[in-house]
Every structure is written in C-alpha cells, then in structure tokens.
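Input: a single structure, listed below in structure tokens.
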Amino acid sequence: MQHVLDNPAWNALISGNQNLALGNEATKYFDLEVSPFVGLKENTPENFEVLYHTIPRSAPILFVAMHEVSQPQNLEQLACIKGYQMVYEAESKEFTPQFGLTTLTEAQVPQMLELTELTNPGPFGPRTIEFGHYVGIFQDDRLASMAGHRLQPFEYTEISAVCTHPDFLGKGYARELLLYHINYIKKNNGIPFLHVRHDNDRAIKVYESLGFKTRTEVYFHVFKKA
C-alpha cells in the first residue's frame, strides 16, 4: 500500500490543502501565486496528458515523485532536483523561546518575498502565505528569519520556507523556528515533515540534530508546457 508521503502534493490537495485546490479527479494544482506544485492521482502518461490540458498556464510547474519520471508528452522538463524527505516522529521537545516570534501577515509579504528571493528556500509567491502559520524573527524592523507550513497531506504537515538572511546566520534563528513548528504541529496531533535539497548539508545537519530522519529520496521535476 502506498504511503501518504509517496504522493505528498496530490494527498495534500485532497485533504489539508483542499481549500486551495484547483483541477479535477485525475490532477490537481494550486494557483501559481500560491505554489507551482501539481499533483496526480496516479503517475501515468494518461494523467500527465490530463494535466497538460488542465493547467491554464505556461509558467513552470513542480511535480514531486519518489523517483525520476520519464519525459511526459507535451511537457518540457526544465530541471530535476534531487532531495530528501525527512520526517519527525519523536516526542515534542522542550521549548522556551529565546527570541521574539512574530506571526506573519499579508502586511509582511513584501519582506517575505524579498527574503526568499535572497535565500532561495524553494518556490514562494505572493499568496504562499495562505498555506498558513508563517512565523518570523525580526531584528531592527528587518525580517531576519522565517518558516511556515506548506503541504498538509492528511495527518502530516510540511515545514517549509525555512530561511535566514545572510546577515543573521549562526544565531540559532532557524532552529528556534523549527522547534516552534515541531511543537505546534505535534500539539495539534500532526506529524512534521519537510523536504531538503540533497546538497544542502548545513540544513540537513540542523534537521537531524532536532530529530528529523530521512524517509526517502525525492525528485522535484520542473516542467512547462512544450
């Protein structure tokens, strides 16, 4: 039986993120300003064909799978990025905030976009904040670090957009935000997970030190209509 996280985007779009879902019974996607992720009920050539005729845009889309997929007809592959899917299944950790944590709102979106453009933690658009639960740390009115939620397939919640401005690295901000989200998700009977590029050694070490364990390799395919 397939694990929920083997098809995280599709399962998120039919469960925890269904309020943001567009599409049909075979393929679903988010509005581009929310996220470029798309999901297929089953990874088949027929469903990729449905996807081609369903998505209304020519902008790149992001498809995550547990293995590299063959080139779909009518879709051009721009990139295939290898990563790891990591899951936190330990108990909640003792957590006493050391820094002021601020719930981020639409008013901070320009600063969030500026920070993600600088640090490139993954795709982030003008409406990505609608995934919810974005929290940041400010220094001198500057957004120094932030993290929030993204895919929410059933009982799992992905921690995403974990990033820190280069001027504030090494202060423990990302670790604090991760601890906050771990405890928040666990308190709400969820299981935290995240995705990370295979070559992001710094982040992987932080995640492992907090208790995340690699579940599987993943491949992020960037496609666009041919």
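Just so you know, in the range 80-111 the residues that are of a type in the set (A, V, I, L, M) and under 18 Å from the mean Cα position of the chain (by Cα) include one that is nearest to residue 177 (Cα to Cα), and it is 104. At least 3 residues being within 14 Å of the chain's Cα centre (by Cα) is the threshold, and among the strands (runs of 3 or more DSSP E) wholly inside the range 1-69 those reaching it are 61-65. Going through (1) at pLDDT below 95; (2) touching a Phe, Trp or Tyr at 6+ places or on another chain (Cβ under 6 Å) one by one, residue 94 falls short only on (2). Residues that are in a strand (DSSP E or B), small (Gly, Ala, Ser) and at pLDDT 95 or above: does the range 99-117 have at least one? No - not one qualifying residue is present in the range 99-117.
Given 77, 98, 73, which one is surrounded by fewer than 18 Cβ atoms within 10 Å (Cβ to Cβ) and more than 21 Å from residue 29 (Cβ to Cβ)? Quick ask: steps written out before the conclusion?
Details: 77 fails: more than 21 Å from residue 29 (Cβ to Cβ); 73 fails: more than 21 Å from residue 29 (Cβ to Cβ).
Of the residues listed, the single one that is surrounded by fewer than 18 Cβ atoms within 10 Å (Cβ to Cβ) and more than 21 Å from residue 29 (Cβ to Cβ) is 98.
None of 90, 12, 26, 59 is among the aliphatic types (A, V, I, L, M), in the same structural domain as residue 136 (by TED's automatic domain parsing) and touching a residue at least 24 places away in the same chain (Cβ under 8 Å) except 90.
Does any residue of the range 135-156 turn out to be surrounded by 17 or more Cβ atoms within 10 Å (Cβ to Cβ), out of contact with any strand residue (DSSP E or B) (no Cβ under 6 Å at 6 or more places or on another chain), within 21 Å of residue 63 (Cα to Cα) and touching a residue at least 60 places away in the same chain (Cβ under 8 Å)? Yes; the residues of the range 135-156 include at least one that is surrounded by 17 or more Cβ atoms within 10 Å (Cβ to Cβ), out of contact with any strand residue (DSSP E or B) (no Cβ under 6 Å at 6 or more places or on another chain), within 21 Å of residue 63 (Cα to Cα) and touching a residue at least 60 places away in the same chain (Cβ under 8 Å). Name the residues in the range 80-89 that are assigned to a loop (DSSP other than H, G, I, E, B) and exposed (fewer than 13 other Cβ atoms within 10 Å of the Cβ), would you? 89, the sole residue that qualifies.
Filter the range 186-226 down to the residues that are within 18 Å of residue 155 (Cα to Cα), over 15 Å from the mean Cα position of the chain (by Cα) and crowded, with 21+ Cβ neighbours inside 10 Å and list them by number. Within the range 186-226, 212 is the sole residue that qualifies.
Residues in the range 209-225 that are more than 30 Å from residue 74 (Cα to Cα) and either of a type in the set (Ser, Thr, Tyr) or free of Cβ contacts under 8 Å to residues at least 40 places away in the same chain (or both): 209, 214.
The values are calculated or read from the model by the stated rules, or taken from the named source; none is laboratory data. From a predicted model like this one, the values you see are computed outputs, not experimental measurements. Because the Cβ atoms are built from the backbone with ideal geometry, glycine has one as well, and the counts that use them run over all protein chains shown.
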